[in-house]
Amino acid sequence: MQKLDKKKLRSIPRPTVDEKIKAAAKKILTPKKEYFFATAAKVPRTDILILNLYTKKKGAVYRVFLGRENYITQDLTVTNTKWLTGDIFSLCYREDIWTWRDDDYLILDDESQKLFDDWFKRNDNERNVLLVEELQEKIRAVKLEERYDREVEEAAKINSGMPKLPKIETWVQDVVLGKYNFLIYEPSDRVKTRGYCTICHNYVELDNRKDRKPRRDKKMICPKCHRKVILKPKCAALEQGYGNGVVFQKFKDGFVQRYIVGYRDWFRHSVKGIEVDARTTYSENMRIYVYKSESGEWKYKIFYYGMYKTSHKERWYETDYLSPRSAMLYMRTFKHAVKGTPYQYCGLDILQKGLGDSPIASAKYIDKYRECRFLEYMVKRGLYRLTQDFLGDYFYLNVSGLNVDGRSLAEVLKISKQDVKNLAKQNGGRKELELYWVFREHGKSADPELVKEYFDVIGYNADEYLEVAFEHHIESKLPGYFRKMAKGNPKHFKNIADMWRDYLRISAELHFPLDDNYYLMPPDLKKAHNRVVKIKLERDKQREKERNRRMTALISKLKSEIDTSRMSTKKYIVVLPTSADDLINEGEHNHNCVGTYVERVAKKETLILFIRKRDDPKTPFYTLEWNNGRVIQCRGKYNVNAEGGIREFADKISRILRAQEEENDNAWNISKVG
């Protein structure tokens, strides 16, 4: 980068506005427009161009020193030396020389223009200001890249010494991208049909008999390459696939986790054929270096590969962001990489074996392992799904409900040792553990088969149903009842469970005797559910009818007692609601809660009045609540408070209502609200 000697540049005499410059500016510049008028010069014995910038109002304002690889601007509006690093357009902004048109903002006299053209080696009609700006932009980009290189220098030094990756092409193809290994088959009515393996690119013969027909998404082993593949018909649209993997390697006094992203693209040979080729690529985009610091504490540094800040150049840079991404573990190098470190017995490789084809959040596991040693206990006890559930997809461990300070796995999970054995035997997850907790809360010993039945039938919120079952003493019967109502079809289990819970809620509202198993678990749930829904709708309809009757009677009485004509002005009038629908419509139009006041109004607990514009009496405007001898609230659309003329009108209504109530000796019987 070219260095500019500011001391030498500052010693160059400042430009002044002489008669020659005035005459040139007057000849060139348009009086009604503001531009930079400029003269050009060169610093003696250098290749630095000086642009002296003038404005009509201030005279000499800046001088720009332009080198081939650097630039700087001196502010001439102050007596002391002040340097600016902004480009030519930033100077335009500072002086308010900015109009959106194609004019040039940098006008030079003839002599200066020639010097300017020679220095820039102009060979086109590019505007002066753009030539300067383009050069400054290039210089700025180079300076920025040099600054970024200095910032990531330590990261670059660490990453340049990383060991070479092992040969992982086959692992990326079979493990990281395993769910995208397809065998394309041709649907046919013949006994045998053809298939094409996208991995080994060989044709295979498939059994097409009725009970052995190839099915979409069915897993099998390719007869040729003996790899796991997924069946896809030739008409299937194959989406671009990607997957994550992590390779552990020994590095210096610690180890490094290297995260690989694999990609798979598809290429069909023909529209009608079954030949589809897969192109597999992979790249490394994150590294986590775990090392022992000088203080003896184990720490880690996180590096990402990509665009750093605003740079357009990809590089390794350090960050504090620990990605919670899940990845498939490369098993061959793991034990050697962590040997001799506190993570030697962490059990991450055991977890990957236990989960099979499921990726794991290895970065989070390593990060939390030393403070949450129970992760190792769970893995080595065979609780793979439970460990995976606690790792989750977020930055933190989902340890709610656990005793993280427990000294044994039973204490950590807050269940008995026998329950731990049963949970491990089932390879249970978080939801099964919550079922064990429910049994323990009710002082019951958990039956592992019943726990499994609840999870298999009900699924995610099985613990909530178990709570309800304990409340009605049917914990051992409920899963079987759901199976029976669903006729053994697993697709209907959730719908049946939701229907039963809805039936239970409505039955409780209708005061059905739910201590009777006939009502609690009706022989035909769908029929019983429809019956209680119908009864509830009829009851609600009768209640609404009674409420409207009382409302109508109340309004009719109020009309004879409240004189709304005295509450009108030239702009506003007052309207009494005539039915429950009026209140509901008012609330919907004004987006407030007055629709929920129907019951209170019908019971004469409060009084609601509508304020309308005189020239538009049907459109909701403001809603007023009056009680206890005063206006409780007066709200407009979106609950806006009454102000100005509306506030004054509301006060007038309050005074009139108070006087009328005194005249009627509180005949409205509006209850006082504290």
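The values are calculated or read from the model by the stated rules, or taken from the named source; none is laboratory data. Remember, predicted model here, so these are calculated numbers, not experimental data. Because the Cβ atoms are built from the backbone with ideal geometry, glycine has one as well, and the counts that use them run over all protein chains shown. When the accessible area is computed, the model is the full protein with side chains, heavy atoms only, and any ligands, DNA or RNA have been set aside. Shrake-Rupley method; radii C 1.70, N 1.55, O 1.52, S 1.80 Å.
A full extension of the chain between Ser11 and Lys613 corresponds to an added length of 209.1 nm, given 0.36 nm per residue minus the alpha carbon distance. Of His473, His589, the residue with the largest accessible area leads and the full order is His473, His589 (1.4 Å probe). Ignoring aspartates and glutamates fewer than eight residues from Lys618 along the same chain, the ones with Cα atoms less than 17 angstrom from its Cα are Asp581, Asp582, Glu586, Glu588.
Pairs exceeding 23 Å between alpha-carbon atoms, taken from Lys20/Lys42; Lys6/Lys313; Lys228/Lys491; Lys192/Lys491; Lys252/Lys299; Lys339/Lys431: Lys6/Lys313; Lys228/Lys491; Lys192/Lys491; Lys339/Lys431.
Rank these residues by their accessible area, most exposed first, probe 1.4 Å: Lys218, Lys213.
Values: Lys218 100, Lys213 60 Å².
I get Lys218, Lys213, largest accessible area first.
Counting only protein heavy atoms and using a 1.4 Å probe, the accessible area of Lys484 comes to about 150 Å². Full extension of the chain between Lys541 and Thr606 gives 21.1 nm of extra length, using 0.36 nm per residue less the Cα-Cα distance.
For the listed residue pairs Lys3/Lys143; Lys570/Lys652; Lys179/Lys364; Lys232/Lys353; Lys557/Lys613, the alpha carbons are over 21 angstrom apart in Lys179/Lys364; Lys232/Lys353; Lys557/Lys613.
Distance from the C-alpha centroid of segment 124-174 to that of segment 478-545: 66 Å, rounded to the whole angstrom.
How many percent of all Cα-Cα pairs in segment 133-265 sit more than 23 Å apart? Result for the distance tail: 56 percent. Only protein heavy atoms count here; on that basis, with a 1.4 Å probe, Arg279 has an accessible area of about 120 Å². So for segment 511-598, what percent of the C-alpha to C-alpha distances run longer than 21 Å? Summing the P(r) tail past 21 Å for segment 511-598 gives 57 percent. Based on alpha-carbon atoms, the Kirkwood radius and the radius of gyration of segment 448-536 give Rg/Rh equal to 0.95.
Ranking Ile350, Ile21, Ile88 from most to least accessible surface, computed with a 1.4 Å probe over the protein chains only, gives Ile350, Ile21, Ile88. For the pair segment 197-229 and segment 296-336, the centres of their Cα atoms are 38 angstrom apart.
In the chain, helices alone account for a calculated mean residue ellipticity at 222 nm of -11000 deg cm²/dmol, with every DSSP H run of four or more residues adding -39,500 (n - 2.57).
Entry for segment 498-560 at q = 0.14, 0.18, 0.22 Å⁻¹: log10 I(q)/I(0) = -0.51, -0.66, -0.84, Debye formula applied to identical alpha-carbon scatterers, no solvent contribution. Remark on the chain: Rg and Dmax equal 40.2, 110 Å (Cα only).
Estimated at the nearest 10 Å², the accessible area of Arg14 is 90 Å² with a 1.4 Å probe.
For the pair Lys179 and Val399, a Förster radius of 45 Å applied to the C-beta separation gives a FRET efficiency near 0.90, rounded to the nearest 0.05. Counted residue by residue at 0.36 nm each, then reduced by the alpha carbon distance between them, the extension gain from Arg332 to Asp207 reaches 41.3 nm. With a Förster radius of 51 Å applied to the beta-carbon distance between Asp47 and Arg370, the computed FRET efficiency rounds to 0.25.
Scaled against 2.2 N^0.38 Å for its residue count N, the alpha carbon radius of gyration of segment 189-240 is 1.11.
Using a simple spin-label model with pseudo-atoms 7 Å out from Cα toward Cβ, Lys192 and Arg150 lie 7.3 nm apart. Measure off 7 Å from each Cα along the Cα-to-Cβ vector at His269 and Ile584, then give the distance between these two points in nanometres to one decimal. Output for this residue pair reads 6.7 nm.
In a simple Cβ point-charge model (Lys, Arg +1; Asp, Glu -1; nothing else charged), the chain has a dipole of about 1460 debye relative to its Cα centre. Each residue, Ala553 and Lys477, gets one label point 7 Å from its Cα in the Cβ direction; the gap between the two is 4.5 nm.
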